[in-house]
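Take a look at the structure set out below.
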Amino acid sequence: MISTTAKRNQDVHILDQMRRGYVKKPAILYSGQPSNTICALAGDAYALLKIKRVTDDHLLTRDMAGLDQRLTEAPIQIAAIIAFDQGERELVDRAGDWLHKRSSGATPAPQLIASDDVVGFSASILDTTRQLAQRNAELTTSLFRQLADARQANEDLQNRFAALEAFIDRAGLQPFDVAFINPPVEDELEPNVLATAGNGGISQILPVASTGVSAIALHIGKATPRSDAILRATLQTVEDGRLIETWSMPAADLHAGWMTLALRKTIAGLRRTLRLIISVEGHGADLPTLSLGNAQPLPLFRLQDTDLRQSISSSSLALQVYVGLPGVVPPTPGTFAAHSKRDRAEQGLREMTVPQDVLSQAYQVSLDAEPSVFDGVRYLDSERVVSCHPPAFGNTVAKIAGGCPVGALRISANLLVAHEKARDVEFALLACGSDDRVLGLLAGTADPQPGEGFSGWVRVPAQQPRFASLYLDAPAREESDLYLVTRMVEPGNHDFAWARFSNIHALAQG
Amino acid sequence: MILPGPAFPTSMRSRRDKTMGTRKVGRVVNADNALATKIDDGFRPRLAIVIPVYKHSVLMSEAVESALAQQADFGIAIIVVDDGCPFPETETIGSAYATAHDSVFYVRKPNGGLSSARNYGVDFALDLFPALEAVYFLDADNRITPTAMRDVLAYLNSRPEIAWVYPNIDKFGIGWNGSYQAPYSRLLHLTFDNICEAGSMVARRVFDAGIRFDETMKAGFEDWDFWLQCVSSGFEGANYPFFGFDYRQRAESMLRDSHRTKAAIMSYIREKHKKLFQPDTLAQWEHEESPRYAAIATGTYAVSLFTDPNAQHAKIDLETYIDRYWAALAEPDAHGTPPFMLWIAPAHLQALRKIGVIHNVLWHAERLAEKHHLVAIRLEHDSGRIEIRRIEAGAPDYMAKKPLAWMCSVDLFKACVDDISDEWIGSIRSRRPSPDTVELVIRGPFKAFDLDRTVLSATNGLLSTLGVFRDSAYRRGANQRWTWRGGYFPAIRSHHKLLREALGASPVTPRIVSKDQAPRIGFLLPIASFGGVEKVAYAMARELSRLGYETHLYVLAKSSCEMVFDPADFASLNFLMDDYPLWGGAHHFAGHDIMMAQDEGARVERLTGLLAGLDVVINCQVAPVNAILGELRRRGVKILDHVHVLDRTRSGRTAGHPYVALAYEHIYDVILTCSKQMVDWFHGMGVPNAKLMHIPNAPSFDLREAEVRTILRQRQRRGIQDRLQAIFLGRLDSQKGIERLYAAASLIKRRQLPIDIRLVGAEVLNEQGRGSWTERFAGLGIKLEPAIYSAKGLTDAFAEADALLLTSRWEGAPLTILEAQRVGCVPIVTDVGAVSELVEHDVNGLLLRAEDDNDVALELVAALERLLSEPHHLNRLSTKAAEDLASRTWAENLSPLIDRLEAWFPFRSEEIELRRTVTSSPGR
């Protein structure tokens, strides 16, 4: 006679001696007694395992050969969990729970099937197989998606690094540039577009593709230092509705002049259209006035009411769009960073036009070893442009004494070859303190020193307006000279090369 | 074979799928083994994205993923069509997507090319999804942004007038961004490039109309063909500027291959869509989409935009025009104003319209505006003729009177707007304008009322318009491009040049098909004076015009025409106004100098432009124009020649237009002749009978039956007078045998016969220095009377005469004989040319059969003596002549030609017939 304790000890012993199993075949776990047909159906393709016992740490099963296995891991694939006898249902449910806890969640629900219900058995197996195929397909397509994302990311990175490498390899390129300027226009009526727009505020389609955009500057015509309102600016890409950036700007912090909204990083990826939306948070009875540009003949670019998607002005917002190399942030302090308030410690920036009386003093300087007798520099008072007709060979250099004001960070100009028959002309802007430095800077044999800047050569085809900027590495401490230079891309024929610099203006600090 | 994925429990559907609807799928294979799929009620997609796949096994996943990522609140079915791709992984991946995603359908078919795959996908979608509203085509290597389908379907549904929406082109890989934002232009789509990417969304009604991709096109541009099918069926597309379509471009692609074989493919497309490429169609589109002229009404400043001023066209106010002008400066590919600006009072436009020269004036002005800064247009009254004259600086009458209209190119106008000074342009107020100005003077039977309404001058109109433009707020702007995508399309203001290139014509006559679609017949004349050739042309035009055909007159060697016809008989009068030769050329055929298309003097582009828009050309003896008629024939214009006479050289060699017609026989659909004799001649010279058509002449002008009866009664009452009245009408030259007539007149005088000879006509100068026939006849007491041109004058002259004398050495079938016979005037005429087809000897006239000049004179005098001596014979001949002519009408004689026209233009002829019935029905 074996006592209860002895029996328990014996069981433990037997258990200890039980072989630990690991099932790789698709497994059918069951209790009760299946018919021979069902056993034959399972065949060698499936492991047909009878559930004998369920404990916390293992599942005791017996295979068709009568061999017991102690499973501490769920089978890799579970085809079915079946009770062939209603009385065994509880055991099977417990086994189901046990397996569910140890699998990835794809465990089939336990089912009750009559021991001779071959059809029910088959349907159960097939359903599980279908679910398995489904899961595999989802997994596969998920991998394709990840692969596609990786491919696109790779292409994007390739382009970004190529841009950086080009910058590193080629002297004179600016890491940061103004891509577009729509200057403010004085309007006696000073319409306050924010006040007239609906709750959604105003929206403006930007004239520059998203790729490379690093900051947007808006012009405040009239500040409202006592306002409680907060302006919220949102930058979106239109074609895919992606939210790029948001800014919150207390109206009280906005001063008259240009206000720059800097992105956390330059926008990368495929080129998209940008829409800037500006709305007012809270009750803003006293709102700053956003300046408008000149009358806009292109309906798509007129300022719109965001909600109505209709023009609320015949103009666009006065704006500047900055682009930079990947990772580059605007060099100017005094910007609104995304999601942050303006740093009051920074000094403001202002865009200023180089005065007409300064421009009108432009004169030609001869710097080449063999100075040209060609007289190419004129200030055209009627058009407010400096005409700088290049010679057939060499450069025409116009000097504007004091053209680079104190505090200047950037000098920009619009460039135009104003005759359709002209061949391509290259333009350059140069700021330096001495004529002796000009040729070296132009040739790239000398590097800009503090207070000096060079725009690089900008190629301008006939009648196709271009834009050039030079940057100084720090605000100019003193006034310096500005040089406007032109040359023919293909020396020899300079007929009709009516090269013109216009809208010469500076971004200055202080 | 179709392998749709099986259903799976709702709990296992991805979140994305839920937003796109749900479905349950069962599979049924029909007898054709084309598997049909039964969809339960849950999945009712409004849109299907068809993705054809062939050898893009891996990249297709990007297309499918982008389709799956759509953020739409409607169901989207994604149909991956495996076009028999040989790469097994295409099936693996396609099946995986269909299995994993409820909305994806993977179907596989034998390889048949891109068109076949797209069509398969379309038919699959239409069969399975009855609620489908549109189909989007996404190539397997391209992508769309998540908002694309939502936004584009909304846009498509918001514009019921459009049937498809196409994107801008944003290429990745080899990056490029092109703006396709211009308003959709069929003209551009046909003549420039395929402006609609295949990755477009197409409304279901296009497919319901039976339109599919052409499965024979396997080398590319099948999408271009598809859009042209849509255009043919009256559908139009539109660009959605924020589409979100990403086009993968690599260094080599099917598209690039297709560009290599573009010429051959285009040839196929042109042939297939011949009707679309016809000048009529293209000109109509130019008028509707990018009109060539902006006419600013002096006084009101309303701006009319048209190519054809007679067709219905848009009218806008000056402010709107200014908006468009500045938009076009900033982005000329997407915005446009007409390339030519015209300042004219509506009354003056109407005056030009009334006399039928409006199109020709615009045609000349356009050409001149490209050569000169400005074209000043002046109208002057002339009751006897219509003339268009160019006066250049330096001519004595240059700018003698104030212009009634101005034209310039929009480029010149822009230069004036940009100019800060008024000095240059303001000088147009003077007779010595600083701008290079040419004057175009139109003389015609204008009414004083038409010319007087000039309170506000066109000059002021031009300068005031300029002032308004200069004051515009836009002028202060930079006119810079705002759309960041590059402009790919040509400037809208240069679309007229696309038309020119497509037609090989410059400029193109600004005339489009009228609403009634009547066939348009152009009569080409060397000059438009009082000759028989032009009179026949006028008579034919009158009859055809009565029947509802639209007739146009082209005068190529002179820029004026005498008003011997009713202007209403022609829808338009057109002059080439160029130094155009009447004869000659560098090539030779059967003793004749001829011109070929490649010769400089042929003026192919200009003439093709002038003659643009005709269905039928009837060349009435303009020899050099044959050089360009072959080009018109290739474009489907029916070319007819109308030959009247076989001339003779001084040495007696047969020569003239019949020989020229032989040289160009292949270009003629039909050669019309005025005589059977000429038909025989052509046939004998090798022209098939089927190409020959005899159109007997009839009197050149109409006379009412009552008038004829009155004249004949008067003649009867008058009876035989003491003296016989004979008349000669025509040129006093050798061809008319004037020597013979003179000899006969001398004999009559010598014999003192009671015969009065009335000599009416004009002396021909430099007729071999034989001296003045006027003086010589005066010596016989016969005074030369000036030529008679009016119908009434001619009728009166014939009515007063007993006999018509015509002693010609050669003739065709002279109208004079017929016009004389009609009122009982007996012709006594030499039996030359086709005269015997008009005169039956001793029945309705007398034929002179002698050939020697003296013998002819003797025979003529004998014939006159016989009539003097046998007055009843004269009366009998007179009566019979009038009887014979009573039934000889153009309406009757033209019937074979009209039958041919109806065969060529059956539909249009039915329309004409219907109109005639309606307008002639009782009660109207």
Q.
Is it the case, given these coordinates, that B:L132 is assigned by TED's automatic domain parsing to the domain that holds B:F43 and more than 25 Å from B:F221 (Cα to Cα)?
A. yes
Reported set for segment B:142-158 where residues are assigned to a loop (DSSP other than H, G, I, E, B) and either of a type in the set (A, V, I, L, M, F, W, C) or buried (at least 21 other Cβ atoms within 10 Å of the Cβ) (or both) is B:N142, B:T145, B:T147
Counting only residues that are touching a helix residue (DSSP H, G or I) at 6+ places or on another chain (Cβ under 8 Å) and either part of a loop (DSSP other than H, G, I, E, B) or within 14 Å of chain A (Cβ to nearest Cβ) (or both), segment B:469-496 contains a total of 15
The condition of being in a loop (DSSP other than H, G, I, E, B) and under 23 Å from A:D381 (Cα atoms) holds, among A:A422, A:A401, A:A506, A:A468, only for A:A422
Checked B:P309, B:P332 against criteria (under 18 Å from B:S409 (Cα atoms) and in contact with a Leu (Cβ under 8 Å, 6 or more places away or on another chain)); the one match is B:P309
Of B:G178, B:G220, B:G210, the only residue that is within 14 Å of chain A (Cβ to nearest Cβ), of a type in the set (G, A, S) and outside any helix (DSSP H, G or I) is B:G178
Item to complete: May I ask you to verify whether A:E138 is away from chain B (no Cβ under 14 Å) and either part of a helix (DSSP H, G or I) or surrounded by 15 or more Cβ atoms within 10 Å (Cβ to Cβ) (or both)?
Response: no
In segment B:293-329, anything farther than 19 Å from B:R470 by Cβ and either in a strand (DSSP E or B) or among the hydroxyl-bearing types (S, T, Y) (or both) is listed as B:Y293, B:A295, B:A297, B:T300, B:S304, B:L305, B:F306, B:T307, B:A314, B:K315, B:I316
Across (1) within 14 Å of chain A (Cβ to nearest Cβ); (2) modelled with pLDDT under 95; (3) outside any loop (DSSP other than H, G, I, E, B), B:V28 clears everything bar (1)
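Tell me which residues, restricted to segment A:115-128, are within 11 Å of another protein chain (Cβ to nearest Cβ) and not aliphatic (A, V, I, L, M). Walk me through how you get there before you give the answer.
The first filter runs over segment A:115-128 and keeps only residues within 11 Å of another protein chain (Cβ to nearest Cβ), leaving A:126-127.
Within segment A:115-128, A:D127 is the sole residue that qualifies.
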Item checked: Residue check for B:T92: within 14 Å of chain A (Cβ to nearest Cβ), surrounded by 24 or more Cβ atoms within 10 Å (Cβ to Cβ) and β-branched (V, I, T) -> no
Quick count over segment A:283-312, residues being assigned to a loop (DSSP other than H, G, I, E, B) and away from chain B (no Cβ under 12 Å), is 12
Turns out the strands (runs of 3 or more DSSP E) fully within segment A:196-266 with at least 1 residues that are surrounded by fewer than 21 Cβ atoms within 10 Å (Cβ to Cβ) are A:213-222, A:230-237, A:243-250, A:257-262
Considering segment B:288-312, residues that are more than 17 Å from B:V361 (Cβ to Cβ) and not acidic (D, E), and then whichever is surrounded by the fewest Cβ atoms within 10 Å (Cβ to Cβ), we arrive at B:Q312
Those residues of segment B:774-792 that are in a helix (DSSP H, G or I) and over 18 Å from B:D756 (Cβ atoms) come to a total of 3
Those residues of segment B:542-584 that are in contact with an Asp or Glu (Cβ under 7 Å, 6 or more places away or on another chain) and surrounded by 24 or more Cβ atoms within 10 Å (Cβ to Cβ) come to a total of 1
B:R16 fails exactly one of (1) outside any helix (DSSP H, G or I); (2) in contact with a helix residue (DSSP H, G or I) (Cβ under 8 Å, 6 or more places away or on another chain); (3) at pLDDT below 50, namely (1)
Among the residues of segment B:681-700, the number that are among the polar types (S, T, N, Q) and in contact (Cβ under 8 Å) with a residue 60 or more places away in the chain is 2
Exception for A:A197 within (1) at pLDDT 80 or above; (2) closer than 30 Å to A:I411 by Cβ falls at (2)
Residue hits (segment A:203-220; touching a strand residue (DSSP E or B) at 6+ places or on another chain (Cβ under 7 Å) and of a type in the set (S, T, Y)) are A:S203, A:S210, A:S214
Of (1) among the hydrophobic types (A, V, I, L, M, F, W, C); (2) free of Cβ contacts under 8 Å to residues at least 40 places away in the same chain; (3) crowded, with 16+ Cβ neighbours inside 10 Å; (4) away from chain B (no Cβ under 11 Å), A:A133 fails just (4)
Of those in segment B:730-746 that are at pLDDT below 95 and among the hydrophobic types (A, V, I, L, M, F, W, C), the residue nearest to B:H872 (Cα to Cα) is B:I738
If we keep only residues of segment B:500-523 that are part of a strand (DSSP E or B) and touching a helix residue (DSSP H, G or I) at 6+ places or on another chain (Cβ under 8 Å), then the residue surrounded by the fewest Cβ atoms within 10 Å (Cβ to Cβ) is B:I521
Note to self: Please determine whether any residue of segment A:217-230 is within 14 Å of another protein chain (Cβ to nearest Cβ) and either of a type in the set (K, R) or touching a Gly at 6+ places or on another chain (Cβ under 8 Å) (or both).
What the structure shows: no
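I'm checking my understanding of the structure. Among residues of segment B:402-420 that are touching an Asp or Glu at 6+ places or on another chain (Cβ under 8 Å) and either part of a loop (DSSP other than H, G, I, E, B) or aromatic (F, W, Y) (or both), which one is farthest from B:T459 (Cα to Cα)?
In the first step, residues of segment B:402-420 are kept if they are touching an Asp or Glu at 6+ places or on another chain (Cβ under 8 Å); the result is B:403, B:407, B:409, B:420.
If we keep only those that are either part of a loop (DSSP other than H, G, I, E, B) or aromatic (F, W, Y) (or both) as well, we get B:403, B:420.
Working: B:P403: 7, B:I420: 19 Å.
Among those residues, the one meeting the criterion is B:I420.
Looking at segment B:445-486, which of the residues that are among the small types (G, A, S) and in contact with a strand residue (DSSP E or B) (Cβ under 6 Å, 6 or more places away or on another chain) is surrounded by the fewest Cβ atoms within 10 Å (Cβ to Cβ)?
Here the residue is B:G486.
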Quick one: is B:E161 away from chain A (no Cβ under 14 Å), among the charged types (D, E, K, R) and either surrounded by 22 or more Cβ atoms within 10 Å (Cβ to Cβ) or touching a Pro at 6+ places or on another chain (Cβ under 9 Å) (or both)?
no
For segment A:53-66, state whether one or more residues are within 22 Å of A:V119 (Cβ to Cβ) and assigned by TED's automatic domain parsing to the domain that holds A:A109.
yes
Check: Among the residues of segment B:330-351, is there at least one that is of a type outside the set (A, V, I, L, M), in a helix (DSSP H, G or I) and either touching a residue at least 60 places away in the same chain (Cβ under 8 Å) or within 14 Å of chain A (Cβ to nearest Cβ) (or both)?
Finding: yes
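The values are calculated or read from the model by the stated rules, or taken from the named source; none is laboratory data. Just so it is clear, the model here is predicted, and its values are computed rather than measured. All Cβ positions, glycine included, derive from the backbone under ideal geometry; neighbour counts span all protein chains shown.
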